[in-house]
Amino acid sequence: QDRARDLDGLDQATAARIADERVILTSRFKARRFANLVDKFRNTSTPTGNLLDDSLLLYCSEIGTGDSHGKRNMPTLLAGRAGGFEPGRIINAGGRRTASLHGAILNRFGFDLNTYGNPAEAPMPGI
């Protein structure tokens, strides 16, 4: 059974609250899994340090808000130093689409893109 159908008979405010609670639980689970992956990369030695130093891991929620499934303000995490990335920063995307981040990542790995995605956006500065 589709989990969302159990909300159909509820008033909109209650349904939105329950949907948001479910998104929070799911997001916490996924973030913990990502943290475990980061730890495994950090704890795997390589000749130059650890696997995290030689990698770039990306975690991105598929939605920005629980009830509306908004495509803006989606939380995104990058871990690793590959491509010269600097960890430990918070970057305000300024309303840009995820394609802007993806384009910036590709440019850090040697591509020369002016735009990326559909709809196309310029690569995010400061990445």
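The values are calculated or read from the model by the stated rules, or taken from the named source; none is laboratory data. It should be emphasised that the depicted structure is a prediction, and the values quoted were computed from it without experimental measurement. Glycine gets a Cβ as well: all are built from the backbone with ideal geometry, and neighbour counts include every protein chain shown. We work out accessible area using only protein heavy atoms, side chains counted, and drop any ligands, DNA or RNA first. Shrake-Rupley method; radii C 1.70, N 1.55, O 1.52, S 1.80 Å.
Split the accessible area of the chain by element, probe 1.4 Å, and carbon with sulfur accounts for 51%.
Across all C-alpha atoms in the chain, the radius of gyration and Dmax reach 17.9, 59 Å.
Helix 98-108 axis versus longest C-alpha principal axis of the chain: approximately 10°, rounded to the nearest ten.
In terms of its C-alpha gyration tensor, the range 79-118 has an oblate overall shape, because the principal axis ratio a/c (a ≥ b ≥ c, square roots of the eigenvalues) is not below 1.5 and a/b does not outweigh b/c. Measuring r between the beta carbons of Phe34 and Ile90 and using R0 = 25 Å, the FRET efficiency lands at 0.90. Accessible surface calculations at 1.4 Å, restricted to protein heavy atoms, place the chain at 69 Å² per residue. Specify the angular offset, from 0 to 90 degrees and rounded to the nearest 10, of the alpha carbon long axis of helix 12-42 from the longest principal axis of the alpha carbons in the chain. Around 20 degrees separate the two axes. FRET efficiency for the Phe111 to Leu25 pair, using the beta carbon distance and R₀ = 41 Å, is estimated at 0.65. Taking label positions 7 Å along the Cα-Cβ direction at both Thr46 and Ala122, the computed distance is 3.2 nm, reported to one decimal. Which of Ala13, Ala35, Ala104 ends up with the largest GNM mean-square fluctuation for the chain, with Cα atoms connected below 10 Å? Looking only at Ala13, Ala35, Ala104, the biggest GNM fluctuation is shown by Ala13.
The listed residues Glu62, Glu121, Glu21, once ranked by accessible area (1.4 Å probe) with the largest placed first, stand as Glu62, Glu21, Glu121.
Per-residue ellipticity at 222 nm, computed for the chain from helices alone with -39500 (n - 2.57) per DSSP H run of at least four residues, works out to -11500 deg cm²/dmol.
In the complete set of protein chains, residue-level accessible area for Thr48 is approximately 110 Å², probe 1.4 angstrom.
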